Amino acid sequence: MENNSVKKFPIGGTHLPEEKELTTHTPIVEMPPPGEVTIPLKQHLGVPVEPAVSVGEKVRRGQVIGHRAQGLRALVHSSVSGEVVAFTDARLPDETTVPAVTIRTDPAASGDRVRLEPLNLEGLSQEEYRSAVVARVEEAGIVGLGGATFPTHIKLSTHDPIDTVIVNGAECEPYITVDDRLMQERADAVFRGLEIVRRTVGAKQGYVACEVNKPDALKRLREVARDYPHIAAQALDTRYPHGAEKHLVKAVLNREVPLRALPGSVGVLVNNVQTVCAIADAVDQGLPLSGRVVTVSGHGVREPKNLLIPLGASLGDAIAFCGGESVPDPAVVVGGPMTGMRITDYSIPVTKATSGIILLTEEEYAGSIHMACIRCGKCVEVCPMYLPPNRMTAYVNNDMIEEAVGAGLEACILCGACQFVCPSKRPLLEWIKHGKALAAARKKR
């Protein structure tokens, strides 16, 4: 479907230093499996799954190693072929720990993997099609790979009437080029996955949204779109945070998602680029999710790359594969520099939530010194949710949580645009996160 328009959300947001030139022209490379992986049994929003293997057991890549749990969950598969050597606890970037399975890789079995039977969806009724795809996505352990990690089989089981599916390829965080490269290299899989999702939920149309700062990806998307009468490539202006779901829906369709509501409330379902690629791979090739593409970048790493990394490989393994650190003691951020978390433990495993490993110089990170608010109002100007971050954080820092909530604390999407533009370098995002945690704790009393 042809579409040459450029859209944007109407108010707020900011333009960031992109730093994407470090990896936007770097093809995705598959990182060889390390000697050992530690695979968390919770890589999704919800509860940990239970081990499906035992110590000493031989496993194959793609084999289920975590299953059965009461509550929101997603299956976990082995990313390597080898032997289960231990059950342990894995530390995550937010400093929590979760149960995990450690597997020693068998180099002689590197080509061995489990594949599911590819699905033949031809001739199925709508209900049969939906049931088959939802079951396959659950079987493959697919979650939202943009970072939220909501189990995708649950999202596809929505009872909301959906008329539009949007694939979120905005990727507006600096440095990260995962979706950019996938849209360049695997545009056919992006459209195939979107078409599967569109038919699963019964939507009449779909869009792949991509910012104009990714011209090669946008060109490729428009080429493939010609073969899909119900799907278009939608160009977006380059502005942060276009990747936030509610702002993406506003930009593409001019629909307002209400506070505390999901896009489904206005007839929209949003998926990430890598998620729809994983759906296409699971349906057409029978591949469970056992690895993901991650951007390793920044001026603190020697060879920035886009890597397909086995889940459970450590951050240190990925950094070493990129030549190691290029400066002493870089600031390492997991995720994007705007919303990611700084870590110091290189043994933390890569999970389904890991989109980026960014190594910054201390001058770039500049996270420790801040001054008093000068009342310039820049944080208010850029807030895409039309909130007053200066007033909210003043309330939080004076333990006036009810007043902070009244000023819009719960509506904040934690994009960090306010903190980025603050001339006093005040840690507004950190204070808002703290305020949200206090507000949530008080609700439980």
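The values are calculated or read from the model by the stated rules, or taken from the named source; none is laboratory data. Just so we're clear, the structure is a prediction, and the values are computed from it rather than from any experiment. Cβ coordinates were reconstructed from backbone atoms using ideal geometry, including for glycine residues, and neighbour counts include every protein chain displayed.
A few points about this structure:
- Residue check, ARG199 within 25 Å of ILE413 (Cβ to Cβ) and in contact with a Lys or Arg (Cβ under 9 Å, 6 or more places away or on another chain): no
- Pairs, first of a type in the set (S, T, N, Q) in segment 122-146, second surrounded by 23 or more Cβ atoms within 10 Å (Cβ to Cβ) and not in a helix (DSSP H, G or I), C-beta under 6 Å, six or more apart: none
- First in segment 222-244 and farther than 28 Å from GLU19 by Cα, second anywhere and in a strand (DSSP E or B) and among the hydroxyl-bearing types (Ser, Thr, Tyr), Cβ under 9 Å, 6 or more apart: ILE231/TYR207
- Hey, MET392 modelled with pLDDT of 95 or more, within 26 Å of ARG342 (Cβ to Cβ) and more than 25 Å from the chain's Cα centre (by Cα) or not: yes
- The set of residues in segment 1-40 that are out of contact with any strand residue (DSSP E or B) (no Cβ under 8 Å at 6 or more places or on another chain), of a type outside the set (Asp, Glu) and surrounded by fewer than 18 Cβ atoms within 10 Å (Cβ to Cβ) comprises PRO10, ILE11, PRO17, HIS25, PRO32.
- Each residue in segment 369-389 was checked for being surrounded by 14 or more Cβ atoms within 10 Å (Cβ to Cβ) and either without any contact (Cβ under 8 Å) to a residue 24 or more places away in the chain or among the hydrophobic types (A, V, I, L, M, F, W, C) (or both), and 8 of them qualify.
- Within segment 110-138, the set of residues being among the hydrophobic types (A, V, I, L, M, F, W, C) and within 20 Å of GLY66 (Cβ to Cβ) comprises VAL114, LEU116, VAL134, ALA135, VAL137.
- Selected residue [closer than 30 Å to VAL101 by Cβ and modelled with pLDDT under 95] from GLY336, GLY312, GLY324, GLY286: GLY336
- When segment 142-167 is limited to residues that are assigned to a strand (DSSP E or B) and over 10 Å from the mean Cα position of the chain (by Cα), the one that is farthest from GLN184 (Cα to Cα) turns out to be PRO151.
- The lone criterion from (1) part of a loop (DSSP other than H, G, I, E, B); (2) closer than 30 Å to PRO17 by Cβ; (3) not polar (S, T, N, Q) left unmet by LYS433 is number (1).
- Here ALA282 meets the list (1) touching a Ser or Thr at 6+ places or on another chain (Cβ under 9 Å); (2) surrounded by 24 or more Cβ atoms within 10 Å (Cβ to Cβ); (3) among the small types (Gly, Ala, Ser) almost entirely, failing just condition (1).
- Per-region count, segment 28-50, residues more than 17 Å from ILE142 (Cβ to Cβ) and not in a loop (DSSP other than H, G, I, E, B): 7
- Filtered residues of segment 229-250 (kept if closer than 14 Å to THR164 by Cβ and assigned to a loop (DSSP other than H, G, I, E, B)): HIS230
- Here is the figure for segment 395-423: residues that are crowded, with 19+ Cβ neighbours inside 10 Å, in a helix (DSSP H, G or I) and under 23 Å from the mean Cα position of the chain (by Cα) total 4.
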